[in-house]
Amino acid sequence: MRRGVRRLLAAALAGSLLTACDGPPPPKLLRLEARELRFKLPAEVPAGPVRVRLVNRDPVWHEASLLRFTDTTRTLDDYIAATRAGNEYPAFAEDLGGVSFLAPGDSAEVLVELQAGRYAVICWHRDHVMQGMGASFTVTGEVPPDAFHAGGAEVRLADGEIPALAPVRGRQVLHVTNAGPAEHELAILRLEPGKTYADFMAWRAAGETGTPPAYTVAGMAALAPGREIWVIVPWVPGRYVMVCLLEDGEGHFHADLGERQEFEVAP
């Protein structure tokens, strides 16, 4: 499985993040609640900038991979059937990011601009998509003019690399773009004291039982080439690793091929 993330919108990036000043209203909130291997969400969302928040109410890890149907005749059932048949990237849907995998009880947000159309949210963590964990929704209306820009530090993803971040602290927005020919994701994990990326991957491989060696604090799910998303990160002091845990055609994690960056956030 692949699991193996205009003009200015007046926004304040310190204190209350993305709070409108003069100008267009702040982005709408699309709240996704994961519970009992299902998503709870509204059936309709207005077009434009949208804060996508995943809240994990289950005792297992989940993600919220956001996709848009490029073929209007296709449905969520078609998508799930394709994945069960071994096609992890159906041609009739485009990955737009969404929220990276989260531990039980955690939540995280991303910011994305949505055009009118038919969408779905999928959990690609472990075998959850095979169990039918997905939900559809519709985006209606027109994107308001001059409505969207959140600024933030630039993170340009490309095959085989994740760029280093400048020293960070507090709440921050990362503007993430996929500049590579392949799909990429970005999970930002805070490592427990004395733990490493290798410890986290060993924990995943062993079935994700017991205390995790790291927790996701922010991140995005799979993002198609040429797409962009804004990831909202609540930094606290500690040791972090940013990784892409999608796989290449031979089953290697992108993180093990160079798409990994470890760093310290100072007090």
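A few points about this structure:
- Proximal charge balance of residue 265 [Cβ under 13 Å; K/R count +1, D/E count -1]: +2
- 3J(HN,Hα) along region 94-106, derived from phi through the Karplus expression 6.51 cos²θ - 1.76 cosθ + 1.60 where θ = phi - 60°, amounts to 10, 7, 10, x, x, 9, 5, 5, 10, 6, x, x, 8 Hz, with x in place of Gly and Pro.
- Computed from point charges on the beta carbon alone (+1 for Lys and Arg, -1 for Asp and Glu), the dipole magnitude for the chain about its Cα centre is near 760 Debye.
- Distance from region 173-234 to region 51-109 (C-alpha centre basis), Å: 15 Å
- Placing unit charges on the Cβ atoms of the charged side chains and taking the dipole of region 11-140 about its Cα centre, the candidate lying farthest along the positive direction among 43, 134, 87 is 43.
- Charge dipole (the chain, unit charges on Cβ, about Cα centre) - positive-most of 121, 234, 252: 234
- Restricting the calculation to Cα atoms, region 11-140 yields a radius of gyration followed by a Dmax of 15.1, 50 Å.
Read the figures in this text as sums done on the coordinates, not as results from a lab. This one's a predicted model, so the numbers in the text were calculated from it and none came from an experiment. Don't worry about glycine lacking a Cβ; one is built from the backbone with ideal geometry, like all the others, and counts go over all protein chains shown.
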